[in-house]
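The structure appears below as structure tokens.
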Amino acid sequence: MVGRKARVHTRRPAAWATLTEEDAAILDVIRSRARSSELSPKETIGKLLSLLKKDGRFERIASVAMHEPPRVRAMLGALGEELKMETATLEPLKSSLNTLSKFDFGILSALMSAKKWHAKGSQNG
């Protein structure tokens, strides 16, 4: 039923314990490159941005992002840049990335700052 290359996660990472259910769901969407979104790339990005700017949510998610794969940190950084987050919030994400790496952002490659955050095939730039 499950192929060799399949990954089965039975619970969320321990670092996510400080996140609310909604915060964790947003991080899940970012992790999956928003593949499950039924909205257009522009609408998906707009929705993510509106959710991330609420009540310190971006900062909460960024605080656990160092436990995430580099592509997740890169996508989150690009989203944070669009939200005009403070340099102090974005710098740990940026400095954790290998400058030679490129990441598949999926539909999030439509972010204006995707190329700056090492997106492969960015639509912008």
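Residues in region 79-106 that are out of contact with any Lys or Arg (no Cβ under 7 Å at 6 or more places or on another chain) and closer than 14 Å to residue 42 by Cα were compared, and the one that is surrounded by the fewest Cβ atoms within 10 Å (Cβ to Cβ) is 82. The sole residue among 50, 95 that is more than 21 Å from residue 23 (Cβ to Cβ) and free of Cβ contacts under 8 Å to residues at least 24 places away in the same chain is 95.
Read-outs throughout are calculated quantities, based only on the coordinates presented, and are distinct from any laboratory measurement. Being a predicted model, the structure only gives us computed values, none of them experimental. Because the Cβ atoms are built from the backbone with ideal geometry, glycine has one as well, and the counts that use them run over all protein chains shown.
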